Amino acid sequence: MSESPADVVTLHRFSDCEAALRNGDLKQALYDAGKVVMEDVLLTLHGPEHLKRRGVEARVFRRNFFNHYEKVVFPSTLEQTLTPYLAAGRGDLVEFGYRATVNLTADFAGIDRPERSAEESERLIRLVKKLSEGATMVHSTRDPVELEAEVCDALAEFDRSFLQPSVDRRTRLLEAVAGGSLDAQELPRDVLTVILQARDELTLDGSLLLREIAFYMQAGAHSTANSVIHAFHEIIHWAGADEERWQRLSDPLFVQRCVHESLRLHPASPEAWRTSMCPMSIAGAGDLDAGRRLVLDLFRANRDPSIFGAGADGFDPDRSTPRGVLPTGLAFGIGVHACLGRELDGGLPAKPGADPDNHQYGIVALIVIRLLALGGRPDPAAPAQIDTKTIRPNWGSYPVIFTKG
């Protein structure tokens, strides 16, 4: 029996959405249409199995490793990615964003790229984009049967060309550790490795392992790339022709504040869907029977004037938030399904007196800081275009020029 609009309840207020996200009797439902990628992955799993898998995979997402990656590993990756765009004096931020983030995401997911070639990166990016289309199929404007067939082909190619070689190498390394010829500290620090270490505990078969790693790849690269473009766009239009504002943007801590404000306005997923697992009473929705769907409008909740003040719809990097509310609002979720990579993408909010040289900015802010330092500006000869393949507010293209060397 199909669901009627009357069966769906939508929450708009920040406090109601926050409470619903924390409610353990509400099950993730947004990705049901994208099961080809998302069935039983960490984000959609519920209950004890979710907590068990999250506990295993969270071993990778430690603050000290985020800081090491940001300070030591990512800067060289970023500069290598920028090189051809700087040589040309221009580029497209959608293409650049994927190139800058796909290797970062692969490092954490556990996908090897032995060739380290441009062709290998382009192939991985092509697959990740298709996996992202599959995961967010509920918002796609394309024919679902045609799209699902393309996603299945992409999954098979990703499995054959990237996942299985990565599994084989890690299996050999784990056998070496078990045999005493390799120290455990020398193992890769990534999601795939910790899953293989806990294989008996988690009991992931081959198809579920494929979806789990595919989920990490598409979620990390897709959301980070889009967040970079939204932040860049907001900052450019906020600064306009105001020289004083441009001077403020020379402060990296302030740029991070701008990024957090943009993340609030443009959450990676503008909605969260939940299904009630039992009869319950929900703030803002009243009494619900089991099986009722809730739509949490995160886009509007993150613009709730009772939390973010007058003008909550606008971009204001000097905005203050109430105690206990992150400057990014609910952009990274909250509760058991909060994004494990929140600090990797968004860094840590700067405290008064923070040292700019030692602060953890997050990958999105680091990219935006570098783009601004290079004089990145929208290309006046090529206006940006919205992605028409989805109803999500994503950019399809965003051409830029670089005005500084």
Count of segment 59-86 residues which are surrounded by 13 or more Cβ atoms within 10 Å (Cβ to Cβ) and among the β-branched types (Val, Ile, Thr): 4
Where Arg59 falls short, out of the listed (1) assigned to a helix (DSSP H, G or I); (2) under 19 Å from the mean Cα position of the chain (by Cα); (3) over 18 Å from Val400 (Cα atoms); (4) among the basic types (Lys, Arg): (1)
Residues of segment 233-251 satisfying the condition of being within 17 Å of Leu93 (Cβ to Cβ) and loosely packed, with under 11 Cβ neighbours inside 10 Å: His237
Any hit, segment 206-227, residues being free of Cβ contacts under 8 Å to residues at least 60 places away in the same chain, surrounded by fewer than 17 Cβ atoms within 10 Å (Cβ to Cβ) and either under 29 Å from Arg342 (Cα atoms) or among the hydroxyl-bearing types (Ser, Thr, Tyr) (or both): yes
Only one of Arg342, Arg377, Arg300 that is touching a residue at least 24 places away in the same chain (Cβ under 8 Å) and surrounded by 18 or more Cβ atoms within 10 Å (Cβ to Cβ): Arg300
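Here's the yes/no breakdown for (1) among the charged types (D, E, K, R); (2) touching a strand residue (DSSP E or B) at 6+ places or on another chain (Cβ under 6 Å); (3) in a strand (DSSP E or B):
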site	(1), (2), (3)
Thr10	no, yes, yes
Ala20	no, yes, no
Val37	no, no, no
Phe66	no, no, no
Lys71	yes, no, no
Gln80	no, no, no
Phe96	no, no, no
Thr101	no, no, no
Thr105	no, no, no
Residue in segment 180-189 that is touching a Phe, Trp or Tyr at 6+ places or on another chain (Cβ under 8 Å), charged (D, E, K, R) and open to solvent by 20 Å² or more (accessible area, probe 1.4 Å) present: yes
Scope segment 99-110; condition out of contact with any Pro (no Cβ under 9 Å at 6 or more places or on another chain) and under 24 Å from Ile195 (Cα atoms); matching residues: Thr101, Val102, Asn103, Leu104, Thr105, Ala106, Phe108, Ala109
Residue pairs meeting the criteria (Cβ under 6 Å; at least 6 apart or on separate chains; first touching a residue at least 12 places away in the same chain (Cβ under 8 Å), in segment 29-50; second open to solvent by 40 Å² or more (accessible area, probe 1.4 Å) and β-branched (Val, Ile, Thr)): Ala33/Val138
Any hit, segment 113-125, residues being part of a strand (DSSP E or B), open to solvent by 20 Å² or more (accessible area, probe 1.4 Å) and of a type in the set (Ser, Thr, Tyr): no
Selection from segment 212-248 of residues that are not in a helix (DSSP H, G or I) and not charged (D, E, K, R): Gly240, Ala241
In segment 283-297, residue nearest to Asp7 (Cα to Cα) [restricted to those that are within 28 Å of the chain's Cα centre (by Cα) and open to solvent by less than 30 Å² (accessible area, probe 1.4 Å)]: Leu294
Count of residues meeting criterion [touching a residue at least 40 places away in the same chain (Cβ under 8 Å) and in a strand (DSSP E or B)] in segment 253-285: 8
Qualifying residue in segment 11-30 (condition: of a type in the set (Ser, Thr, Tyr) and crowded, with 18+ Cβ neighbours inside 10 Å): no
Some residue of segment 316-329 being charged (D, E, K, R), closer than 23 Å to Phe108 by Cα and within 23 Å of the chain's Cα centre (by Cα): no
In segment 387-400, residue farthest from Gly89 (Cα to Cα) [restricted to those that are modelled with pLDDT under 95 and either open to solvent by 70 Å² or more (accessible area, probe 1.4 Å) or among the aromatic types (Phe, Trp, Tyr) (or both)]: Ile391
Matching entry among Ala310, Ala365, Ala350, Ala384 (being touching a helix residue (DSSP H, G or I) at 6+ places or on another chain (Cβ under 7 Å), within 21 Å of Ala239 (Cα to Cα) and either surrounded by 16 or more Cβ atoms within 10 Å (Cβ to Cβ) or modelled with pLDDT under 95 (or both)): Ala365
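The values are calculated or read from the model by the stated rules, or taken from the named source; none is laboratory data. As the structure is a prediction and not an experimental result, all values here were calculated from the model. Neighbour counts run over all protein chains shown; Cβ positions are idealised from the backbone, glycine included. Calculation scope for accessible area: heavy atoms of the full protein, side chains included, ligands and nucleic acids excluded. Shrake-Rupley method; radii C 1.70, N 1.55, O 1.52, S 1.80 Å.
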